[in-house]
1. Quick one: order 244, 218 by neighbouring beta-carbon count within 10 Å, fewest to most.
2. How far is it, in nm, from the label point at residue 112 to the one at residue 18 when both lie 7 Å from their Cα along the line to the Cβ?
3. Tell me which residues come under 5 Å, amide H to amide H, from residue 121 once H is placed; ignore anything under 5 positions away on its chain.
4. Highest mean first, what order results for 221-229, 109-117, 185-193 on Cβ atoms within 10 Å?
5. Arrange 264, 310, 248 by Cβ neighbour counts within 10 Å, fewest through most, would you?
6. For every other residue with a beta carbon closer than 14 angstrom to the beta carbon of residue 225, add +1 if it is Lys or Arg and -1 if Asp or Glu, then tell me the sum.
7. Would you mind putting 92-100, 61-69, 143-151 in packing order, based on average other-beta-carbon counts within 10 Å, highest first?
8. Under a no-solvent Debye model with one identical scatterer per Cα of the stretch 214-253, what's log10 I(q)/I(0) at q = 0.17 Å⁻¹?
Amino acid sequence: MQGPLIDTLALHGVSRRTFLKYCSTLASLMALPPAAGVAMAEAMAAAPAAAKRPSVIWLPFQECTGCTESITRSHSPSIEGMIFDMVSLDYQETLMAAAGHQAEEVLRKTVEANKGQFLLIIDGSVATGLDGAYSCIAGRSNLALLKEIAPHAAAIVAMGSCAAYGGLPKAKPNPTGAVSVSDIVKDKPIVNIPGCPPIPVVMTGVLAHFLTFGSLPDLDKLGRPKAFYGETIHDRCYRRPFYDQGKFAKTFDDEGARNGWCLFELGCKGPVTYNACATVKWNGGTSWPVESGHGCLGCSEPNFWDAGGFYKALSMPANPLRMAAGAAVAGAAAGVAVSFANRAKKKDAKAAHETTTLADLEKSEER
């Protein structure tokens, strides 16, 4: 039998210190205590490299492959890739070498050999129209496949906004009857990792938590890991000070935009979007949409495609107390309300804001 995984990693140039640092950083990102990083490192590093790894089945449903593309573009050196050295990704149509009958036989045998133990990852919405006939794999509808395999999983990861909420396929008029995974499966633990696509480290963080503790991380009311979806984009955005000062870019190429002013009036959905983009970022922490000059589209929120238009400014109640009370509906963070209440100099900026809600914007689009 081969030695511990940490020894195998060392042969590939990954030092013990680098591995421990990665685990500690991952624990920190997930708002876990420092001891959790050590626990992750010990649990993963001590396991024999040749030992049986936890089985993972990844089913692609009504999707664009963006979630798979995202996770395969983890930055180099791909420390995140070490997490996949600890699991056995037994079925993933886009990545696996097998095809046709061979692939389906692998799926059948994997489910049979790991009943009640495998982690089921699903990306893409579930088509329910025409009994699921709009989206099929090997002659079986996604709907039938989900109902067949989900009962045998230990837990389910709904990867991406399509699996978590229905996503783009569910956008009006939703011809395929697209729904989320949780609309179908009611008796299994489900963690939603929304985003179009999600950030790679968010997924690997959830996997690491599951491998280390045998459970899913703490989730919010929408089933998202609180560690990554506990605060709005707006709360952590580096442009936030300009918002507080009432300095907004009016066009994408004006002086304000060049000076990094807030993109709120250009339709940025940061105040109503919960995600870790502003802190974790993309492409190995290089950048993220707002830093590159484009407002947040709100892709990690339900119905983002239909919610009022990408380039329409969000409404923002002028009354800060009303803002705080309506945070659950309008998505505004309490910190925004406090900022408006405590800083009188933003009076002019507040007065310019409309007083409608996201729902009002959506209704106006319908009209």
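What follows is calculated from the coordinates using simple rules that are stated; it is not laboratory data. Not measured: the values here are computed from a predicted model. Cβ coordinates were reconstructed from backbone atoms using ideal geometry, including for glycine residues, and neighbour counts include every protein chain displayed.
1. Arranged by neighbour count, lowest to highest, 244, 218 become 218, 244.
2. 4.1
3. When sequence neighbours closer than 5 places are left aside, the close amide H contacts are 57, 58, 59, 157.
4. Result, highest mean first: 221-229, 185-193, 109-117.
5. Ascending Cβ contact count within 10 Å gives the list 310, 248, 264.
6. 0
7. My ranking of the peptides, most packed first, is 61-69, 143-151, 92-100.
8. Summing over Cα pairs of the stretch 214-253 leads to -0.62.
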